Each structure stands twice: as C-alpha cells, then as structure tokens.
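Notes follow once the structure below has been shown.
The values are calculated or read from the model by the stated rules, or taken from the named source; none is laboratory data. All values reported here derive from a predicted model rather than from experimental measurement. Cβ placement follows ideal geometry from the backbone for every residue including glycine, while neighbour counts extend to all protein chains displayed. To get the accessible areas, we keep the full protein, side chains included, count just its heavy atoms, and leave off ligands, DNA and RNA. Shrake-Rupley method; radii C 1.70, N 1.55, O 1.52, S 1.80 Å.
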Amino acid sequence: MKFYRKILFPFVPVYYAVTCLRNKLYDIGIKKSVAFNLPVICVGNLSVGGTGKTPMIEYLIEMLKNEYKVATLSRGYKRKTKGFQLATENDTDETLGDEPFQFYSKFKNTIHVAVDAERTHGIKTLQKLENSPEIILLDDAFQHRKVKAGFNILLTTYADIYTKDFVLPAGNLREPASGAKRAQIIVVTKCPLDLTESEKEQITKELNPEAYQSVFFSSVVYSDVLQSIDCSMKISDLKAFTLVTGIANAKSLVDHLKGKHLAFEHLNYKDHYEFTEQDIAELNTKELIVTTEKDFMRLQKYKSLKEKLFYLPITIAIDDSLKFDGLIKEFVASKR
C-alpha cells in the first residue's frame, strides 16, 4: 500500500459504513429501485479505474444486435451537455463522452446510443422512442441502484481482484466487496492468454461466488492491424512511433507492444484526459502516433493529426463463451 493510502486508512471505516448503509437502505426498500418491463443488463465494477467495461459492452452488442433492438445508456462522463442525449450524426466525444461516442461510431446504424446521468429517466425516455429498444445495456451503473437491473455483470481485473482491495480512500473500491453479491456473473478481465485451469480455480476460490453466480475469465485480444480515419497499417510494418494513452491503466497495452519488440516512446495521460492546445502542438511534432480506440475518439477531431494518428482495436475472448452467451440469452428470453 502506498504511503499516502496508509495515512488515509483510518477513514476507511467511515466510507465503509456510509456505503454499507446506502446499500442496506436499497436492499430493504427504504430507498427505492425502479425495475423495468424489458431486459436491462448492467455492466460495472466495484473498483475505480479501468476493468474493461467498454469492450464488454461491445461484446454484448455484437451478440445481441442481430436479433434485438439494442440501446446503450451511459452517464456520458466529462461530456459538455446535460440531461438525456440520443446520439446522432451531429454528436462528438464532447457531447456524448468518449466511450458512448465510440459505441455510436462503431454501431450507429444498428443500435441506439444514449447518455443520461439519471439512468431511470434515460430508460424511460428510450422507451418512449418510436423505434424503442428491446434491450438496454447500462454502462458503468453497478452502483446506480435507482435502477434495478434484471441482470448484473461485474468485472474485476486479474491484477487487482476486488477481494484483495480496500474501500476508498485507502483502496480502490467504490463499495465493500460484499456488493458483488448483486451480480449474476463475475468476469475476471485482462487475464494472461495462457492462464491455467489451476489458476482459474484458485481465483474462483478467492472470489467465493454464491451458488447463483457464474465466474468467467476474459483476455484482451489485440488486432494485428492499426486503423485511422481512412486507412490501416499492419503492426508488423511499424517503425518508431509515439504511444499516446489517456486511460486508467495502459500497462497491458504497453506490455503487448513491448512483447512485439517495437520501438516507441509513451506519453501517458490520466483517464479521460482532455487534450490541450499545448498537448496537440507537441503531438504535431511526432511522426507517427498510436493510441487506444477511446483516445482516438478524442483526438481524431484535430485535422493536423489525421495523417499520423492510428488506434489499435481490441476485442475480448471469454474462456467459456458458449456458457456466457447462453446465460445472457436465457435472461433476455425470460424477460420477453
């Protein structure tokens, strides 16, 4: 534990008590949760920082979009708009937030993408649309208990399992680990591709899931091809470049690129970083820039970067995808 977190450790019981009380008030019905008459699937986590929610939402979209009318609903973190916003061709990362804008950029012809800090209001507004969705995917809403999602997918990273962490401010947990009991599925994300069955058993034992919970393991799969606005490039053709990241944890990407013995400098910014004019001026001096898809959503608007800016697409691989998909589809069918 870092030194400053040791200093903050005495405040843990206060935060723990407050979050426990809040959850208890929802559990016993004093604070009200709203349930809806359509499948609502929540993807979230217990900890702050990146656990892989965006690729999980995209996995679910790919699974469901050909059979159902799907909508995503996010808070729209750091957007410059207020209230409910349904994505259109006129929107950008500034009006939607980078992650919802990424969903819209990839799936705009097949799904609705909406943002609203008040998820209850957002769902009700989506239901009033002429072409209303049949399934709603809630992005990062595990602690938003005003909505009672019918199905909860909880993510925790291989390198930072929630059972080995503390609540804020000494740790990274938004609420006590007991909150995991609200999930139907727990996914350990960002696992090594060579994770053994023995390791999976040890982690599952550590998580100690309830009888109604299923545990899965997922890994990040990096594309072999970089994408830009209007062209592509094989990773094997890369020369020296600058890696630009503004995500919670870039370690897995950095390790992946180093594993390919590529030469690069790394400009590492904080999560959801808002690039300044000075930052863009510095990036304009670089010959080739590789970034994440989320960061690409924020950087592609700068025309001066167009010829040099590429992102590395990722997907996720789930260890028992047939069972995972089956549980999701079984829930959706049960609510129709």
- Message: Condition first: of a type outside the set (A, V, I, L, M) and in contact with an Asp or Glu (Cβ under 8 Å, 6 or more places away or on another chain). Can you find one or more residues in segment 248-267 that meet it?
- Response: no
- Query: For segment 151-163, what are the residues that are free of Cβ contacts under 8 Å to residues at least 60 places away in the same chain and closer than 9 Å to ALA177 by Cβ?
  - Reply: THR163
- Item | Residue under evaluation TYR77, criteria (1) in contact (Cβ under 8 Å) with a residue 60 or more places away in the chain; (2) touching a helix residue (DSSP H, G or I) at 6+ places or on another chain (Cβ under 7 Å); (3) closer than 17 Å to VAL115 by Cβ, criterion not met | (2)
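Is it fair to say TYR77 is open to solvent by 20 Å² or more (accessible area, probe 1.4 Å), within 26 Å of ILE135 (Cβ to Cβ) and part of a loop (DSSP other than H, G, I, E, B)? So that I can check it myself, show each step before the final result.
Working: open to solvent by 20 Å² or more (accessible area, probe 1.4 Å): yes; within 26 Å of ILE135 (Cβ to Cβ): yes; part of a loop (DSSP other than H, G, I, E, B): yes.
Yes, satisfied.
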- Task: Specify which of the listed residues (LEU305, LEU327, LEU312) is open to solvent by less than 30 Å² (accessible area, probe 1.4 Å), more than 18 Å from the chain's Cα centre (by Cα) and in contact (Cβ under 8 Å) with a residue 24 or more places away in the chain.
- Result: LEU305
- Task: Give the residues of segment 208-232 that are of a type in the set (Phe, Trp, Tyr) and in contact with a Lys or Arg (Cβ under 7 Å, 6 or more places away or on another chain), sorted by residue number.
- Result: PHE217
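Condition check ((1) farther than 29 Å from LEU322 by Cα; (2) among the basic types (Lys, Arg); (3) surrounded by fewer than 16 Cβ atoms within 10 Å (Cβ to Cβ); (4) in contact with a helix residue (DSSP H, G or I) (Cβ under 6 Å, 6 or more places away or on another chain)) across all residues:
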position	(1), (2), (3), (4)
PHE11	yes, no, yes, no
LYS32	yes, yes, yes, no
LEU64	no, no, no, no
TYR68	no, no, no, no
THR81	yes, no, yes, yes
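When segment 218-238 is examined, which residues are found to be part of a helix (DSSP H, G or I) and open to solvent by 50 Å² or more (accessible area, probe 1.4 Å)? Show your work before the answer.
Within segment 218-238, the first condition is being part of a helix (DSSP H, G or I), and the residues that meet it are 235-237.
The answer is SER236, ASP237.
Yes or no: segment 150-169 includes at least one residue that is of a type in the set (D, E, K, R), under 23 Å from GLY76 (Cβ atoms) and open to solvent by 10 Å² or more (accessible area, probe 1.4 Å). Lay out the reasoning, then the answer.
The first filter runs over segment 150-169 and keeps only residues of a type in the set (D, E, K, R), leaving 160, 164-165.
Those still in the list that are under 23 Å from GLY76 (Cβ atoms) too: none.
Looking through segment 150-169, none of the residues is of a type in the set (D, E, K, R), under 23 Å from GLY76 (Cβ atoms) and open to solvent by 10 Å² or more (accessible area, probe 1.4 Å).
Is segment 54-62 home to any residue that is touching a Lys or Arg at 6+ places or on another chain (Cβ under 9 Å), part of a helix (DSSP H, G or I), open to solvent by 50 Å² or more (accessible area, probe 1.4 Å) and not aromatic (Phe, Trp, Tyr)?
Step one: list which residues in segment 54-62 are touching a Lys or Arg at 6+ places or on another chain (Cβ under 9 Å), which gives 54, 58, 61.
Subsequent filtering for residues that are part of a helix (DSSP H, G or I) retains 54, 58, 61.
Keeping just the survivors that are open to solvent by 50 Å² or more (accessible area, probe 1.4 Å) gives none.
Checked against the condition, which is being touching a Lys or Arg at 6+ places or on another chain (Cβ under 9 Å), part of a helix (DSSP H, G or I), open to solvent by 50 Å² or more (accessible area, probe 1.4 Å) and not aromatic (Phe, Trp, Tyr), segment 54-62 yields no hits at all.
Among residues belonging to segment 173-217 that are in a strand (DSSP E or B) and free of Cβ contacts under 8 Å to residues at least 60 places away in the same chain, point out the one that is surrounded by the most Cβ atoms within 10 Å (Cβ to Cβ). Give the steps one after another, and end with the answer.
Taking segment 173-217 first, the residues in a strand (DSSP E or B) are 173, 185-189, 214-217.
Keeping just the survivors that are free of Cβ contacts under 8 Å to residues at least 60 places away in the same chain gives 186, 188, 215.
Working: ILE186: 22, VAL188: 27, VAL215: 20.
Top of the filtered list is VAL188.
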- GLY49 being in a loop (DSSP other than H, G, I, E, B) and at pLDDT below 95: yes
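In this structure, does VAL115 turn out to be β-branched (Val, Ile, Thr) and closer than 24 Å to PHE296 by Cβ? Break it down into steps so the answer makes sense when it comes.
Working: β-branched (Val, Ile, Thr): yes; closer than 24 Å to PHE296 by Cβ: yes.
When the stated conditions are applied, VAL115 passes them.
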